[in-house]
Number of protein chains: 2
Amino acid sequence: MTTVVPHAVDGARLRGRLDELAAVGDTGDGGVCRLALTEADGAGRDLVVTWMRDLGLRVDIDGIGNVIGTWPADATGPAVMTGSHIDTVRTGGRFDGNYGVLAGLEVIETVIESGFVPARPLAVGFFTNEEGARFAPDMLGSLVYVGGLPLEEALDTVAIDGAVLGDELERIGYRGPLPCPASPPAAFVELHVEQGPILEAECITIGAVTSVQGILWFELTIVGQSNHAGTTPMRLRRDPALAAAEIAVTARSIARDLGGDQVATVGRIDLHPNLVNVIPARATLTVDLRNTDPVELARAERMLFDAVERIAAAESVTIEHRTLARFEPVVFDETVIGLVVDAAERRNLPVRRLPSGAGHDAQMLARVCPSAMIFVPSVGGVSHNPTEFTDADDLQAGADVLLDVMLRLADGPIDRPTDGGVHQ
Amino acid sequence: MTTVVPHAVDGARLRGRLDELAAVGDTGDGGVCRLALTEADGAGRDLVVTWMRDLGLRVDIDGIGNVIGTWPADATGPAVMTGSHIDTVRTGGRFDGNYGVLAGLEVIETVIESGFVPARPLAVGFFTNEEGARFAPDMLGSLVYVGGLPLEEALDTVAIDGAVLGDELERIGYRGPLPCPASPPAAFVELHVEQGPILEAECITIGAVTSVQGILWFELTIVGQSNHAGTTPMRLRRDPALAAAEIAVTARSIARDLGGDQVATVGRIDLHPNLVNVIPARATLTVDLRNTDPVELARAERMLFDAVERIAAAESVTIEHRTLARFEPVVFDETVIGLVVDAAERRNLPVRRLPSGAGHDAQMLARVCPSAMIFVPSVGGVSHNPTEFTDADDLQAGADVLLDVMLRLADGPIDRPTDGGVHQ
């Protein structure tokens, strides 16, 4: 066995594993549905754990179901970690999350095969419920991993289908013995598809992610007066559906008025009883607000709730809200960002720095260790959709850059943050 | 047995039957859920049929599941008919429809007990799927009864839950042998709660219903581009939820701009996949437009679809629509309306003429025989709601007026319509 520092991963092997994992929860239209902690998620986890064990990694499972594979198996010191998630939204693509996990596995397999043994151990993990499509908040597993949410509280989380998170973990066999929060890794770097249109539009292969947008998720419940659609004069109506519609239109106008990075989405509306000839009694909707600028994000939140108050008064309905997620914008570690840029440039890959529009597990890890992310292009910027796609060359390029960055981190000095380990 | 013309129904007996029927499908909050042709509707039907048989009526069931009880059982000529429906919306009240059926039964029991035998037979019926909450269109049973929709086409109707109407009729045992269309009754008068606020607000006990609003129901399906809520810039969005919200806001503004009797309701919105962090791929919503003036109603329809076209272009989504119901405004028979006014005045009950804001089976019967309706007040104008309520005195008054009108129609001359039997 040679001991040359490995230069490239096996892209075909990586794509083979992506195909095999995408077959679990295959929706038949190119997409995948493995909502967190469902049977399908359990089957996907089993497959990845089998691959980890086949490579001789030590597989650790913690109390919230995060799974970390470490090499060498008998390593004790802090590892250079990569990873992401394998849960999906209901209409998920095959790359979101899965690519980061399986590229990490591929990097470790490549290093093992090379015979090269870096100074620090290497690890690859997948975190529970990153998407937040079944349990709120999103990035729940990595949040618990870094101590941002007590384990017991997280286990009590109720799914949109009424299931309790702790019960679901037990059911699929992923309530592990390791404690949360975990001891921090030496560094964390996450590889992910961009899920946005910027890299493709600018013909850039590698994104060195500098920061993550702040995220606010609200669930608003509107109560009015259910009544007959034919006999109730317009002036006497207290219509929750109308109020919900006005809030959705307002969310769009807030994003338009603020401009910049501000985005706003109403992705869920539920009316009750939801019948053609009945003014609903109740409407529930969600509003998702994101911005890289915390000041502008706070402004968007104020604008939303000013409008909610006006709309409630005008239609004589009551509107209550729950905050489902609140994550401040996160700035990544400049050293790790620099390693990503440097690795791409050495490989003559077009690279640019950019913020992430989506939330990622790396933003949680950034609280406890130097962290950053690598993006590769998403065709058409499409994600959370069966047609999500990234070219084979880009998949290879991203995994090669991940290989370089992990080996640099595993052998080089790592600057620990000086502010107690918390990067916001 | 005396043979005096009866003067009053037994209000306590009527209320007892209302209570007993409301126990079938009781939702525990004062309301009732007996969606058309469900198990609960079948149980409700069985109860009313048992009462009809106990009174010695001849019970006829036709091919669409309409049930008519006729007295005397061996009568052959056209009957003076009353009736309504016993199906409810999902969050139905206990009076809507049920009151008209059970008051009709009470009128016939009162006449039987009196020993008085009018010249024409009396009949009370309940028609299938009046509400349209499970199958579209509403008033389906009475529409088929008068020949407005072929039986075979009606049997193929698919429910919102995917069930086929004909199968559901078989399943609950109400696919009867009598042909549709039926031979027309001599006259039809329907007693119903107002379901609106006018009678109560004006301290009027009896409404003599002159006409029924025209009804338009549309289902709009909007297809856009599902995508990630964080990474998709606002300018690139094709968001069906936003388009649905704009249509709901537009429907309200159409009603406000047209004024008069125009009402507009968006009662149903379904997003897919309906998740907080995903721009939906698809939205489906319904729009319910009603007006007593056919010219204004046509104008509302044009305004709606002009706006739909603008909204689709602005958001780059496609919007298709299906017409779920289209009923022109209906004018009732002046002779029968006059009998209602006269009966109320003879009893010193405050009475006024008014149009109906809701659709009713009587508007279908008006196509084939002289028809009208009697309204009693709804407290707060509330209907299609568990808190729907009508005072015992008003229940008694309405049933007494129904008794008078049916006996006048059964013994007096009836002017047949001269336009081939079709009243629009």
Problem - Using alpha carbons only: equivalent-ellipsoid semi-axes of the range A:214-327, gyration tensor based, whole Å - result: 28, 13, 11
Problem - Label 7 Å beyond Cα on the Cβ vector: B:THR318 copy-to-copy distances, nm - result: 4.4
Handout entry: Alpha-carbon centroids, the range A:157-204 and the range B:370-393: separation in whole Å
Key = 55 Å
Practice task
Give me the angle, in degrees from 0 to 90, between the Cα long axis of helix A:39-54 and the longest principal axis of the Cα atoms of chain A, rounded to the nearest 10.
Solution key: 10 degrees
Completion exercise
Bounding extents of chain A in its principal axis frame from Cα atoms, largest first in Å, are 84, 44, 44
Handout entry: B:ASP342-A:ALA23 pseudo-label distance in nm [points 7 Å out on the Cα-to-Cβ vector]
Key = 8.3 nm
Practice task
Place the label 7 angstrom along Cα→C-beta at B:ARG302 and in each other copy, then list the distances from the first to the rest in nm, shortest first.
Solution key: 4.7
Completion exercise
Between the Cα axis of helix B:334-346 and the main Cα principal axis of chain B, the angle (0 to 90°, nearest 10) is 60 degrees
Practice task
Find how much the distance from B:SER183 to B:ASP411 grows on full extension, using 0.36 nm per residue of separation minus their present alpha carbon separation; answer in nm with one decimal.
Solution key: 80.1 nm
Exercise for the section: Could you point to the residue in A:PRO72, B:ALA133, A:ILE215 farthest towards the positive end of the protein assembly as shown's charge dipole, with +1 and -1 charges on the Cβ of Lys/Arg and Asp/Glu respectively? Expected result: A:ILE215
Exercise for the section: Using only Cα atoms, tell me the angle between helix A:240-258 and the longest principal axis of chain A; keep it within 0 to 90° and round to the nearest 10. Expected result: 50 degrees
Completion exercise
Nearest-0.05 FRET efficiency for B:VAL164 and A:ALA12 at R0 = 41 Å, using Cβ-Cβ distance, is 0.25
Exercise for the section: Every other copy gets compared here: list the nm distances from the B:ARG13 label point (7 Å along Cα to Cβ) to its counterparts, shortest first, one decimal. Expected result: 8.9
Exercise for the section: With a Förster radius of 45 Å, plug the Cβ-Cβ distance of B:VAL4 and B:THR387 into 1/(1 + (r/R0)^6) and report the FRET value to the nearest 0.05. Expected result: 0.70
Handout entry: Cα-based Rg of the protein assembly as shown normalised by 2.2 N^0.38 Å, two decimals
Key = 1.17
Handout entry: the range A:214-327 - charge dipole about Cα centre, Lys and Arg +1 at Cβ, Asp and Glu -1, debye rounded to 20
Key = 260 debye
Handout entry: Computed over the range A:93-137, Cα set: Rg, Dmax in Å
Key = 14.1, 43
Handout entry: Mean Cα-pair separation over length for chain A, i.e. relative contact order, pairs under 8 Å, 6 or more apart, %
Key = 22 percent
Exercise for the section: Jot down the per residue volume, in cubic angstrom and as a whole number, of the convex hull over the alpha-carbon atoms of the range A:47-166. Expected result: 102 Å³
Problem - Euclidean distance of C-alpha centroids, the range A:243-298 and the range B:246-270, integer Å - result: 19 Å
Fill in the blank from the handout: With R₀ set to 41 angstrom, the calculated FRET efficiency between the beta-carbons of B:SER316 and A:PHE305, to the nearest 0.05, is 0.85
Exercise for the section: State to the nearest 20 debye the size of the charge dipole of the protein assembly as shown about its Cα centre, where the only charges are +1 on K and R beta carbons and -1 on D and E beta carbons. Expected result: 800 debye
Practice task
From zero up to wherever the largest Cα-Cα distance of the range A:96-204 sits, split into 10 Å bins and tell me the percent of pairs in each.
Solution key: 12, 34, 32, 18, 4
Handout entry: Nearest beta-carbon to the B/A symmetry axis - residue in chain B, distance in Å
Key = B:ALA245, 2
Handout entry: Point-to-point label distance, A:VAL117-A:ALA298, nm (Cα→Cβ direction, 7 Å offset)
Key = 5.2 nm
Handout entry: Relative contact order %, the range A:214-327, counting alpha carbon pairs below 8 Å whose residues are six or more apart
Key = 45 percent
Practice task
Return the tail of the calculated pair distribution for the range A:357-400, meaning the percent of Cα-Cα pairs more than 14 Å apart.
Solution key: 59 percent
Problem - About the Cα centre, charge dipole magnitude for chain A (Lys/Arg +1, Asp/Glu -1 at Cβ), debye - result: 780 debye
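Quick note: the coordinates plus some simple rules give every number you see, no bench work behind them. No experiment lies behind these values; they were computed from the predicted model shown. Quick reminder, even Gly has a Cβ in these numbers, built from the backbone with ideal geometry, and neighbours come from all protein chains shown.
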